[in-house]
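The values are calculated or read from the model by the stated rules, or taken from the named source; none is laboratory data. Please read these numbers as outputs of a predicted model, since none were measured by experiment. All Cβ positions, glycine included, derive from the backbone under ideal geometry; neighbour counts span all protein chains shown.
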Amino acid sequence: MSGLAKRLGEKIRYALNQKAWQQLTTLSWAQLKVIDRSTLLGFLWSLIVPVVFFAVMYVVFNRRFGSSIEHYPFYLLIGVIVVQYFVTATSRVLSRLGTSREMVIATTIPREILVLSILFVDTYKFLIEMVLCVGLSVYWGLFDWARLPMFMMLIFSFLCFSSGISWILMVCYGYLRDTVYIWSLITRLFYFICPIFYSLENLAPAVLKMIYWCNPVTPFLVAFRNVLIRTEPIDWQSFWVSSLWGSLLLVIGYIILTREENKIAEKL
């Protein structure tokens, strides 16, 4: 335990060093250039994919759920953006680990920074999409500027949550290559076990509790909508539950990665 505590201390001191931030910045932009350069439309894919996904879901589910949910198109768009970021970002981490095995093994750069640089590709696009959501919310008169600090905190907590999950996935992948397929199956289920196109009020009480308390993405989704669609009082429960999930997974993921990174480097 003392050895783990010592390594954690060293990692935290390194993370606060300017060199760590320089490495993260350099790797992040390198990842971004590689991905956007290898596609025909580059950055535009960050807007096209969620719009197409939103359009399909709207056509399929609007008649069934749209009449009972206020501002349903915007409600649906927020759900698509939030869930798709989490699914795409975490899946990309596993994909890059598989294709960049030599770099992960040989590098002297802390592996948590490698993972964060991979996440950056989807994170910067997610931030742009959320800024556009704020713009739409303001345009439609749904945004309460007093909730802006909550919105910023939710963004930060969600990024912490995604980072923690990605670090845990990296460790799992080191021990079990099937993690890629298992996670692919789980993330497909997220489009149904997260209230993207339906409301929690449409569910039976037992199912509602299970989806809210057992699926950590759900409180984030509820809280984001509560901030961007000002039709109800502030949902403090979802805000604090989301913040707790973000903090908890960030710490747990960091500890697990610190403890296992030397072992998984050998197994990779």
Quick one: how many residues across the stretch 134-149 are buried (at least 20 other Cβ atoms within 10 Å of the Cβ) and either among the small types (Gly, Ala, Ser) or assigned to a helix (DSSP H, G or I) (or both)?
1
When you check Glu201 against the structure, is it surrounded by 15 or more Cβ atoms within 10 Å (Cβ to Cβ) and of a type in the set (D, E, K, R), yes or no?
no
Determine whether Phe126 is within 29 Å of Gln23 (Cα to Cα) and crowded, with 19+ Cβ neighbours inside 10 Å.
yes
Can you tell me which residue in the stretch 215-254 is nearest to Phe74 (Cα to Cα), limited to those that are surrounded by fewer than 16 Cβ atoms within 10 Å (Cβ to Cβ) and hydrophobic (A, V, I, L, M, F, W, C)?
Ile234
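Within the stretch 159-171, does at least one residue satisfy the condition of being assigned to a helix (DSSP H, G or I) and over 14 Å from the mean Cα position of the chain (by Cα)? Before the answer, list the steps.
Within the stretch 159-171, the subset assigned to a helix (DSSP H, G or I) is 159-171.
Then drop every residue that is not over 14 Å from the mean Cα position of the chain (by Cα), which leaves 170-171.
Yes, the stretch 159-171 contains a residue that is assigned to a helix (DSSP H, G or I) and over 14 Å from the mean Cα position of the chain (by Cα).
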For the stretch 236-258, indicate whether the set of residues that are more than 18 Å from the chain's Cα centre (by Cα), assigned to a loop (DSSP other than H, G, I, E, B) and modelled with pLDDT of 90 or more is non-empty.
no
Take Leu208 and tell me if it is under 14 Å from the mean Cα position of the chain (by Cα), in a helix (DSSP H, G or I), surrounded by 14 or more Cβ atoms within 10 Å (Cβ to Cβ) and not small (Gly, Ala, Ser).
no
